[in-house]
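A.B. asks: The structure follows.
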């Protein structure tokens, strides 16, 4: 599958501009309405601006072709950006929960309809951005764009909590229900947990890729079945595969009849590579190592 880098960059720019606008709007409304959850959400969006800049930069780097210093390409630049996004999300969630807990020990602040409207509009806009970026990110196999989409999803959680929290505060003011008046900071605690969990999952996946973790076992089994269809392959000695950003690199060791010529061995390697890439468009490179296979030794095993 040919990657459409232009559409990915456009999506990231849209995300960046949106985050800048939402940061300013939420902070202004949050300060004037004294909404802890909206201010915390604005600071979260400020972190998103930094994260999106990192993703934009990494996406431009990752599309560079392989060179002498980077023979396997620059795909992991997006994985690094994904890890940066996870760290920023974790920091934002800890900040949010700290200030939300502090607000629980202070007199309840009167909820504002303006804050509720701002949170609801943010919810709608961020949901749209999430769907747009996750669809494009999965199509393009872009770790950076998928990380940006998950960042938008974290904002959706934050906006839902803000809507519920501010709405509860408004009900508390109308019906004089004291506990409802603390809906704003309580919502901040809930969303902090959700954002922290999302950050943990993203960080774990990014670190796994950076540490050369194998692809999921079902994918390895699929590679095994494909190689097993090549007639000359008498034994599969090892199959390994790792993600390298938006593509996968496969490393295979197989045993073939020892009497094959160099050209015949080369043709076997080429068929293995072509067969795997044909069935798995996300595979960019297949490294094949041939071992000699001796029938008499195999029979004696």
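A.B. asks: Taking neighbour Cβ counts within 10 Å as the exposure measure, how do 96, 202 sort from fewest upward?
C.D. replies: Result, fewest neighbours first: 202, 96.
A.B. asks: Per the Cauchy relation, a quarter of the hull surface: what is the mean projected area of the convex hull of the alpha carbons in the stretch 217-299, in nm²?
C.D. replies: 5.4
A.B. asks: In what order do 110, 6, 34, 150 fall by count of nearby beta-carbon atoms within 10 Å, going from fewest to most? Please list the in-between numbers first.
C.D. replies: Numbers: 110 12, 6 9, 34 15, 150 22.
By the 10 Å Cβ count, ascending, the order reads 6, 110, 34, 150.
A.B. asks: How high is the relative contact order of the chain, in percent, with contacts defined as C-alpha pairs under 8 Å that are six or more residues apart?
C.D. replies: Once normalised by length, the contact order is 17 percent.
A.B. asks: Per 0.36 nm of contour for each residue apart, how much would the distance between residue 114 and residue 228 grow if the chain were fully extended, relative to their Cα-Cα spacing?
C.D. replies: 34.6 nm
A.B. asks: Now for a different question. Quick check on the exposure proxy: order 151, 228 from fewest to most C-beta atoms within 10 angstrom.
C.D. replies: Working: 151 32, 228 11.
Exposure proxy ranking, most exposed first: 228, 151.
A.B. asks: Find the centroid of the Cα atoms in the stretch 276-293 and in the stretch 175-223, then give the distance between the two in whole Å.
C.D. replies: 34
A.B. asks: Sticking with this structure for a sec: Tell me, what is the FRET efficiency for residue 31 and residue 211 to the nearest 0.05, using R0 = 30 angstrom and their Cβ-Cβ distance as r?
C.D. replies: Given R0 = 30 Å and the Cβ-Cβ separation, E is 0.10.
A.B. asks: Shifting gears a bit: Which length gain, in nm to one decimal place, applies between residue 253 and residue 235 when the Cα-Cα distance is subtracted from 0.36 nm times their residue separation?
C.D. replies: 5.6 nm
Every number here is computed from the coordinates shown, using simple stated rules; none is lab data. Values in this document were obtained by computation on a predicted structure and should not be read as measured data. In this analysis, Cβ positions are derived from the backbone assuming ideal geometry, glycine residues included, and neighbour counts consider all displayed protein chains.
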